[in-house]
Amino acid sequence: MELTQRQREIITIVKAEQPISGDKIAQHLKLTRPTLRNDLSILTMTGILDAKPKVGYFYSGQHLNPLTFETIYEVPVETLMLTPILIKPTTTVQDAITSLFMNDVGSLYVADDDQHLVGVISRKDLLRASLIKQDLTTIVAAVIMTRMPNIVTITATTRLLDAGYLLLKHQVDTLPVLDKAGVVVGKVTKTKLLDYFINAGAKVDQEKYH
């Protein structure tokens, strides 16, 4: 695993002042704590740093086995992607709301007859539409959806780590998975990815003590 310059600086700081809080690490680097969240998560999950509540971070002296990194982070999203719920641009908002809640999902993908992605509708989009004093059976999905190319998409071979970065960077809850022709083949959600990383991290954590 190749550490970034900032991650190496964090390790140096922790070695010198351990145990040290995340806030104090941020002060040393003249950054905010949220800015370091991803770096600290990676360093603790890989076993390079350890952390105790109300105590702080300390150097564990362990290094991540490259195979472990590949097993957790470099897995392609096709191994984790879910089946998306597709609707048509002409689907009414009323029917879209029904579809969203019947399938218990956070977003609907709008596709043409050939299943090419043309838009995405979120719960927030439907909520805003429902507040308009207009018959929801007369408003169609094409009116309220976020349109291509203003949608962040990935492919089935995208690494799970990269998918996670995109979800955080763009502050979205779902990423459509498209093939080379732009056909929707799946989706990755923030909840699914978080569940995967937590379970994988817990497994690594258990293996450290066995």
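Of the set (1) surrounded by 17 or more Cβ atoms within 10 Å (Cβ to Cβ); (2) modelled with pLDDT under 90, all apply to GLN134 but (1).
Listed by position, the helices (runs of 4 or more DSSP H) enclosed by region 101-200 that each have at least 3 residues that are of a type in the set (Lys, Arg) are 123-131. Within this structure, VAL120 fails the test of being at pLDDT 95 or above, in the same structural domain as LEU178 (by TED's automatic domain parsing) and surrounded by fewer than 19 Cβ atoms within 10 Å (Cβ to Cβ).
Given the structure, is LYS180 modelled with pLDDT under 95, more than 18 Å from the chain's Cα centre (by Cα) and within 16 Å of VAL77 (Cα to Cα)? Taking the combined requirement at face value, the residue satisfies it. Between PRO84, PRO89, which is touching an Asp or Glu at 6+ places or on another chain (Cβ under 9 Å), closer than 30 Å to VAL118 by Cα and at pLDDT 90 or above? When all the criteria are applied, what remains is PRO89. Please tell me if VAL172 is more than 23 Å from THR90 (Cα to Cα), surrounded by 16 or more Cβ atoms within 10 Å (Cβ to Cβ) and free of Cβ contacts under 8 Å to residues at least 24 places away in the same chain. Taking the combined requirement at face value, the residue satisfies it.
With respect to the stated conditions, THR46 is more than 20 Å from LYS169 (Cβ to Cβ) and hydroxyl-bearing (Ser, Thr, Tyr). Among the candidates LEU31, LEU64, LEU3, the residue that is in a loop (DSSP other than H, G, I, E, B), modelled with pLDDT of 90 or more and either over 30 Å from THR138 (Cβ atoms) or polar (S, T, N, Q) (or both) is uniquely LEU31. So, ILE151, is that one at negative phi, in contact with an Asp or Glu (Cβ under 6 Å, 6 or more places away or on another chain) and buried (at least 17 other Cβ atoms within 10 Å of the Cβ) or not? The answer is no for ILE151. Specify the residue that is surrounded by the most Cβ atoms within 10 Å (Cβ to Cβ); the eligible residues are those in region 11-47 that are under 24 Å from the mean Cα position of the chain (by Cα) and of a type in the set (Val, Ile, Thr). Filtering region 11-47 for residues that are under 24 Å from the mean Cα position of the chain (by Cα) and of a type in the set (Val, Ile, Thr), the one surrounded by the most Cβ atoms within 10 Å (Cβ to Cβ) comes out as THR46. Using the structure shown, decide if LEU131 is in the same structural domain as GLN94 (by TED's automatic domain parsing), of a type in the set (A, V, I, L, M, F, W, C) and either touching a residue at least 12 places away in the same chain (Cβ under 8 Å) or closer than 17 Å to THR91 by Cα (or both). No.
The values are calculated or read from the model by the stated rules, or taken from the named source; none is laboratory data. In this text, all values refer to a predicted model and were calculated from it rather than measured experimentally. Every residue, glycine as well, gets a Cβ built from its backbone with ideal geometry; the counts of neighbours run over all protein chains shown.
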